Amino acid sequence: FRGGRTSNGMERMPVGRRAERNGVCEDDMTKVRAMRRGDHYAVHARGHATGSPQVCAAISGLLYALAGYARNAGYGLRERLDSGDVYLEFRGGAGMEAAYDMAVIGLMQIAARYPEYLEIEAERKETQ
């Protein structure tokens, strides 16, 4: 198999070669999408910050703590906590809002310090 480009300009990559962005392998990054709509919350994280065990542990710690809080407080948690693929969805009031905000702010602080290992997108929509 040879490299090169497809007809639409995408780079072809041999098996085993990892995509790079700004000199960092995509496989080494965790991408998080966090969403809040009224009292409904969802967080989805994919990938591994494999280049930094400390960043990986910090991300995992925040997400597991958020899941644990939602589960123990009875906020109707739907969860998938797989290696490299985390999905949390729950509803809640002021306590859940505070826990969600703490986790998202923590993830944003990690992303600000280690942008090569964590990318986060957070959206907040108020409902009528």
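Annotations for the structure displayed:
- Contour minus Cα-Cα distance for residue 65 and residue 101 (0.36 nm per residue): 11.7 nm
- Shape class of segment 24-71 from the alpha-carbon gyration tensor: oblate, with a/c at 1.5 or above and b/c at least as large as a/b.
Every number here is computed from the coordinates shown, using simple stated rules; none is lab data. Values in this document were obtained by computation on a predicted structure and should not be read as measured data.
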